[in-house]
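Enquirer: This structure is in structure tokens; I'll ask about it shortly.
The values are calculated or read from the model by the stated rules, or taken from the named source; none is laboratory data. This structure is a prediction, so every number in the text was calculated from the model and none was measured. Cβ sites come from the backbone with ideal geometry, for glycine too, and all protein chains shown count toward neighbours.
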Amino acid sequence: MNPYNNLTEALEGLICQGYNKNFVLKKDCLKVRNSKDKINLNEFQVQQMYHFDDPDPKFKAIIYGVFCERDGTKGLLVTDREILSKSNSQEIENKLEQKSIL
């Protein structure tokens, strides 16, 4: 069950929990926004995931709370199904979606 009413509330809640990096989805990794740092597929796990399916398409999103096992980095990846499916990597998509079946 999603404890958040909207996208903004979820972002604020996760930031308060220490998810302080912003990730960008790449073909085979997550890249830290405005940095050269990246996290490879085998180095992270999705700890939290929330879907927001607002009727307005600009408010449809999936928020992932990601933890890097290598160095303890916690961050957020905000995306939607369309972007996720265009990531060109079934491995990344599978890794991110694992949380939904746990």
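Enquirer: Given (1) in contact with a helix residue (DSSP H, G or I) (Cβ under 7 Å, 6 or more places away or on another chain); (2) under 22 Å from GLU9 (Cα atoms); (3) modelled with pLDDT of 90 or more, identify the lone condition not met by ALA61.
Expert: So the condition that ALA61 fails would be (3).
Enquirer: Next question, about the same structure. Here is a check on your reading of the model: is TYR4 surrounded by 15 or more Cβ atoms within 10 Å (Cβ to Cβ) and in a loop (DSSP other than H, G, I, E, B)?
Expert: yes
Enquirer: For residues that are part of a strand (DSSP E or B) and farther than 18 Å from PHE52 by Cα, scanning just region 66-83, find the one that is nearest to the chain's Cα centre (by Cα).
Expert: The extreme case among them is GLY75.
Enquirer: Could you please give the count of residues in region 10-30 that are surrounded by fewer than 16 Cβ atoms within 10 Å (Cβ to Cβ) and closer than 22 Å to ASN94 by Cβ?
Expert: 4
Enquirer: Tell me, which residue of region 11-47 that is part of a helix (DSSP H, G or I), over 12 Å from the mean Cα position of the chain (by Cα) and in contact (Cβ under 8 Å) with a residue 40 or more places away in the chain is farthest from TYR64 (Cα to Cα)?
Expert: LEU41
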